Amino acid sequence: MLYIALLAVSALFCGCSEDKLSRESVIKESINAETDFDRWLEDNYRAPFNIRFLYRYEDIETNQNYDLIPARELYCRILAKAVRYLWLDLYTEQSDVHFMREHSPRVIMVIGSGAHDPTAGTVTLGTAEGGLKITLYVGNWLENYVTINYNNGVDESEGYTVSIKSVDDFNYYYLHTIHHEFAHILHQKKEYPQDFNIISKGDYSAQWTSVSEQEAARLGFITPYASSATHEDFVEVYSNYLSMNDAQWNARLQMAGAEGADRIQRKLAIVKTYMKDVWNIDVEAMRTSLARRYNDIENIDWSNFN
């Protein structure tokens, strides 16, 4: 009633004004002019795979529980090219465009900052929401992992090339994250064999942040985060096996000792069988293809969106 009363008083004081009301609304919609990058995203994400790649910050699409910042557009362009080449094309090479059109998320969103949880002392790198959306955080951290060489020495207006400073970091913070989240989407659609969950039964813990890499490995977990829950364990085995090279994977097995390595290898065998039998994806072939793609990654025409 107070609201209505205030409106009535306002109308009383304004009713005798001789000002003419305009028919044009003072509320304007924010309209972004379509760019070459937008058209490239249409041709490379939306049209072939029905994926919306969101790089402009949209409050309605973000998690309001975190203090987040937008990703710089230049970094989003680099990530869009990398995700297309190192993830989407990787799967279509093994299957076809229909596989990713059917099973990929409908939205990929890039956020500039990480999702910091000061209470838990963690930073979320990515999330998958019901198989419909993958959010990639820490987009602005890309400045630490790549060197951008501008053709005019000043800015991106006349094109640029990209050199990766640290393939391991680039892979971990972005491609490992999207492999991890996509594996969640797949097992949520068709669950993996429950034999996997028995291998480390009793060793999963919500206190994974206090577990070191060596402690986790000796318990049969490829990473400390894998020890947080069975589903996280499954997707961590899959995403790390794709992301790590032979030397890195073997080093982790050596760290695990005989018993821990045996557990990790048994889990990997289940992952490979599941991916082949359920999704007709050959994990070893994917790994070989991914290594080749990383060798060729600097040949990408990073600044061409025509």
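The values are calculated or read from the model by the stated rules, or taken from the named source; none is laboratory data. Quick caveat: nothing in here was measured; it's all calculated off a predicted structure. FYI the Cβ positions are ideal-geometry reconstructions off the backbone, even for glycines, and counts take in every protein chain you see. Just the protein is used for accessible areas: all its heavy atoms, side chains included, with ligands, DNA and RNA removed. Shrake-Rupley method; radii C 1.70, N 1.55, O 1.52, S 1.80 Å.
Kindly indicate whether any position in segment 116-127 is acidic (Asp, Glu) and exposed (fewer than 15 other Cβ atoms within 10 Å of the Cβ). Working first, answer last.
Here is the first cut: in segment 116-127, the ones acidic (Asp, Glu) are 117.
From the residues that got through so far, the ones that are exposed (fewer than 15 other Cβ atoms within 10 Å of the Cβ) too are 117.
Yes, segment 116-127 contains a residue that is acidic (Asp, Glu) and exposed (fewer than 15 other Cβ atoms within 10 Å of the Cβ).
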Any hit, segment 161-179, residues being over 21 Å from the mean Cα position of the chain (by Cα) and in contact (Cβ under 8 Å) with a residue 60 or more places away in the chain
yes
Single residue of segment 202-231 satisfying the filter (within 16 Å of MET255 (Cα to Cα) and in contact with a Gly (Cβ under 7 Å, 6 or more places away or on another chain)) that is surrounded by the fewest Cβ atoms within 10 Å (Cβ to Cβ)
ARG218
Determine the pairs where a residue that is outside any helix (DSSP H, G or I), located within segment 35-50, has a partner that is surrounded by fewer than 16 Cβ atoms within 10 Å (Cβ to Cβ) with Cβ atoms under 8 Å apart, the partner being 6 or more residues away or on another chain.
ASN50/ARG101; ASN50/ARG106
Among ILE27, ILE31, which is the only one that is at pLDDT below 50 and either of a type in the set (Val, Ile, Thr) or part of a strand (DSSP E or B) (or both)?
ILE27
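Inside segment 155-176, can you point out the residues that are part of a helix (DSSP H, G or I) and open to solvent by less than 20 Å² (accessible area, probe 1.4 Å)? Steps first, please.
Looking only at segment 155-176, we keep the residues that are part of a helix (DSSP H, G or I), and these are 156-158, 167-176.
Those that are part of a helix (DSSP H, G or I) and open to solvent by less than 20 Å² (accessible area, probe 1.4 Å): PHE170, ASN171, TYR174, LEU175, HIS176.
Rundown of residues vs (1) modelled with pLDDT of 95 or more; (2) within 25 Å of GLY130 (Cα to Cα), yes/no style:
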residue: SER210; (1), (2): no, no
residue: GLN214; (1), (2): yes, no
residue: THR230; (1), (2): yes, yes
residue: ASP233; (1), (2): yes, yes
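Would you be able to say whether some residue in segment 243-252 is within 30 Å of GLU73 (Cα to Cα) and in a helix (DSSP H, G or I)? Break it down stepwise before answering.
If we filter segment 243-252 for residues that are within 30 Å of GLU73 (Cα to Cα), which is where we start, we get 243-244.
Remaining after also requiring in a helix (DSSP H, G or I): 243.
Among the residues of segment 243-252, at least one is within 30 Å of GLU73 (Cα to Cα) and in a helix (DSSP H, G or I), which makes the answer yes.
Filter segment 76-89 down to the residues that are more than 13 Å from the chain's Cα centre (by Cα) and crowded, with 20+ Cβ neighbours inside 10 Å, then identify the one that is farthest from GLU284 (Cα to Cα).
Pass one, segment 76-89, residues more than 13 Å from the chain's Cα centre (by Cα): 77-78, 81, 85, 89.
Subset that is crowded, with 20+ Cβ neighbours inside 10 Å: 77-78, 81.
Details: ARG77: 29, ILE78: 27, LYS81: 24 Å.
Among residues in segment 76-89 that are more than 13 Å from the chain's Cα centre (by Cα) and crowded, with 20+ Cβ neighbours inside 10 Å, the one farthest from GLU284 (Cα to Cα) is ARG77.
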Selection count, segment 232-268, where residues are among the aliphatic types (A, V, I, L, M), open to solvent by 10 Å² or more (accessible area, probe 1.4 Å) and farther than 19 Å from ILE199 by Cβ
3
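GLU298 - would you say it is assigned to a helix (DSSP H, G or I) and open to solvent by 20 Å² or more (accessible area, probe 1.4 Å)? Can you show your working first?
Details: assigned to a helix (DSSP H, G or I): yes; open to solvent by 20 Å² or more (accessible area, probe 1.4 Å): yes.
In short, yes.
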For segment 105-154 the number of residues that are farther than 17 Å from LEU68 by Cβ, in a loop (DSSP other than H, G, I, E, B) and touching a strand residue (DSSP E or B) at 6+ places or on another chain (Cβ under 8 Å) is 5
